[in-house]
1. If you scan segment 91-107, which residues turn out to be part of a loop (DSSP other than H, G, I, E, B) and within 14 Å of residue 66 (Cβ to Cβ)?
2. Filter segment 43-63 down to the residues that are in contact with a strand residue (DSSP E or B) (Cβ under 8 Å, 6 or more places away or on another chain), of a type outside the set (Phe, Trp, Tyr) and crowded, with 18+ Cβ neighbours inside 10 Å and list them by number.
3. I'd like to verify a number: residues in segment 46-75 that are without any contact (Cβ under 8 Å) to a residue 24 or more places away in the chain and in contact with an Asp or Glu (Cβ under 8 Å, 6 or more places away or on another chain), how many?
4. Consider residue 88 against the criteria (1) touching a strand residue (DSSP E or B) at 6+ places or on another chain (Cβ under 8 Å); (2) in contact (Cβ under 8 Å) with a residue 24 or more places away in the chain: it satisfies all of them except one. Which criterion is unmet?
5. How many of the residues making up segment 43-65 are of a type in the set (D, E, K, R), in a helix (DSSP H, G or I) and farther than 20 Å from residue 96 by Cβ?
6. Looking at segment 117-126, which of its residues are in a loop (DSSP other than H, G, I, E, B) and touching a helix residue (DSSP H, G or I) at 6+ places or on another chain (Cβ under 7 Å)?
7. Which residue pairs have Cβ atoms under 7 Å apart, sit 6 or more places apart or on different chains, and have a first residue in segment 127-146 that is assigned to a helix (DSSP H, G or I) and a second that is of a type in the set (Gly, Ala, Ser) and surrounded by fewer than 23 Cβ atoms within 10 Å (Cβ to Cβ)?
8. Could you count how many residues in segment 66-80 are outside any loop (DSSP other than H, G, I, E, B) and among the acidic types (Asp, Glu)?
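Nothing in this text is a laboratory measurement; each read-out follows from the coordinates by a stated rule. Predicted model only: the values in this text are computed from it and were never measured. All Cβ positions, glycine included, derive from the backbone under ideal geometry; neighbour counts span all protein chains shown.
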Amino acid sequence: MTLKLQSWRPYHPDEIVKTLERPADQGKLGHSMASVLVVEDHADLRDMLAILLESEGFDVQTAGNGMEALHSLENMRPDVILLDLMMPIMSGDEFRERQLADPRYKNVPVICMTAAHDGRERAERLHADRYFQKPVDFDRLLGAVREHAR
């Protein structure tokens, strides 16, 4: 498996508004709702990602750390997981290791996001499907989610 590594320019709050103001049919999924688990400890970013993904037709669940995400997996099988790596209680690294060890969830694609300077290496070690350096470009992140939600 080849990891697609990506790093993007800083974003402004206006960018999410611009993304949300696109015509309703642009970028929508053409099939039943795919589900995304957003695992992010910063509440503002977590909420922003949830709003953006829901506006694009995804069913979204959120978790504030890896432990909450593990509990979420008991109630859902997401099509894609957006995973921050640096979080309290349980890091994204530990969550991913546990996810990979569980045969029920090991094949769920994971898109890692982090501001850590060693994020690329961590994402590769964790066999992430994609990697984004924070701050992320929302349009490109949406494209990656759509690609892996198929």
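1. Within segment 91-107, 91, 102, 105 meet the criteria.
2. Answer for segment 43-63, where residues must be in contact with a strand residue (DSSP E or B) (Cβ under 8 Å, 6 or more places away or on another chain), of a type outside the set (Phe, Trp, Tyr) and crowded, with 18+ Cβ neighbours inside 10 Å: 46, 49, 50, 53, 60, 61, 62, 63.
3. Going through segment 46-75 one residue at a time, the tally reaches 1.
4. If we test residue 88 against (1) touching a strand residue (DSSP E or B) at 6+ places or on another chain (Cβ under 8 Å); (2) in contact (Cβ under 8 Å) with a residue 24 or more places away in the chain, just (1) comes out false.
5. Of the residues in segment 43-65, 3 are of a type in the set (D, E, K, R), in a helix (DSSP H, G or I) and farther than 20 Å from residue 96 by Cβ.
6. Passing the criteria: only 126.
7. Sorted first by the residue in segment 127-146, then by its partner, the pairs are 142/27.
8. 1
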